[in-house]
Amino acid sequence: MHVSRAHFGRMPDGQPVDRITLEAPDGVSLSAITYGATITALTVPDRDGRPGDVVLGHDTLDGYLHASPYFGAVVGRYAGRIAHARFTLDGREHRLAANDGPHTLHGGRRGFDKVLWTAEAARTDTEARVTFTYRSPDGEEGFPGTLDVRVTYTLDTAGRIGIAYEAVTDRATPVNLTQHTYFNLAGAGDILGHELTIPATRFVPVDATIIPTGALRPVAGTPFDFTAAHAVGARIDAADPQLRAAGGYDHAWALEAPGDERAIAARVRDPGSGRTLEVRTTAPALQFYAGNFLDGSITGKRGQRYGRRAGLCLETQQFADGPNQPAFPSCILRPGERWRSRTWWTFATDRTGPR
Ligand code: GLA
């Protein structure tokens, strides 16, 4: 296992941003920067052993600062939307920064994806890791309590990637941390041919502004049924009110075995390259976003223009708008408790089978 660290750029105020790269002997590598704890590159072999970068992003810090719809970033303090930028907790109303029409999306105007984290890297014979830490001040973007956050990316000799989140607070606050990597297992083009399996039988319908209605709806008989593999593009433009509302897939699935990190939350296969990805998690929900808002206006790594649906996100998380949704599991972290969540990404190819 190998770990290296290099200068990546400077923040507008002059603070340096570093890039940490973890490498496994079998050609899997992951790079992440201290801005947003952002995963900037993830290289995995295709079925013929050729390595390729399977995540969207930028070559330079400038791209991340000015043209990034959360490419590869950690999102928080609360991933997903909070309706009308407010919630009531323990009898007190909190008002948040609104950055998605009237709503708060992904932590507000300056969420965890836009702050500088501290990084510490380490390696053993079997694992390389980098731990990012960030202290979110009391009142940041309107959220109560000082929140200390820690996110660790690990890469092991089997080429498996782990993402572990931890947070503690000094006042009760909602917490929902996830990873917003856009995958494209082909390394270019769109993801409409990627075959997706989500073995969950219920999803979260949303209103016209992508706020959950609060219900869980069976996927059976709808374009949301991925219990058997379907190409992402096969039904994405179907005349379904839920797909219309969100411009494609941008919904959460309620996982069947919340907390069981052995269960598969999602599986993706790119028939062209043979690359496969399995996602496992302790989180209760999986937000599948099909990159509907990408529109060709962003030019990313190696001069690639990211057109509509050039990448897909599989965000393991709590339910969106949790603080306002009594029917959803509690997302409130209290002093003395430790918020924990873990996700695993396992890459393989359809020739090698699981690595
Ligand atoms: C999440 C949201 C989407 C979109 C993307 C980033 O997945 O649910 O609606 O905001 O992030 O553009």
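The values are calculated or read from the model by the stated rules, or taken from the named source; none is laboratory data. The model shown is predicted, which means the values in this text are computed figures rather than measured ones. Positions of Cβ are backbone-derived with ideal geometry, glycine not excepted, and every protein chain shown enters the neighbour counts. With ligands, DNA and RNA removed, areas are computed over all heavy atoms of the protein, side chains included. Shrake-Rupley method; radii C 1.70, N 1.55, O 1.52, S 1.80 Å.
Things to note:
- Ellipsoid fit via the Cα gyration tensor, the chain: semi-axes of 28, 26, 19 Å, each the root of five times an eigenvalue, largest first.
- Relative contact order, percent, region 2-349 [alpha-carbon distance under 8 Å, six or more residues apart]: 18
- By accessible area, using a 1.4 Å probe on protein heavy atoms only, the chain has 48% of its surface on carbon and sulfur.
- Estimated FRET transfer efficiency (Ala263, Arg10; beta-carbon r; R0 51 Å; 0.05): 0.75
- Helix-only [θ]222 nm of the chain, DSSP H runs n ≥ 4, -39500 (n - 2.57) each, per residue, nearest 500: -1000 deg cm²/dmol
- Using only alpha-carbon positions in region 142-240, the gyration tensor eigenvalues give semi-axes of 31, 23, 13 Å once each is multiplied by 5 and square-rooted (largest first).
- Charges were assigned to the Cβ only: +1 to each Lys and Arg, -1 to each Asp and Glu. The resulting dipole of the chain about its Cα centre is roughly 60 debye.
- Net lengthening on full extension, Arg244/Ala122 (0.36 nm per residue, minus Cα-Cα): 39.3 nm
- For Leu333, distant residues with modelled amide H under 5 Å away: Thr173, Val175
- Solvent-accessible area per residue in region 107-195 equals 35 Å², computed with a 1.4 angstrom probe and all protein chains kept.
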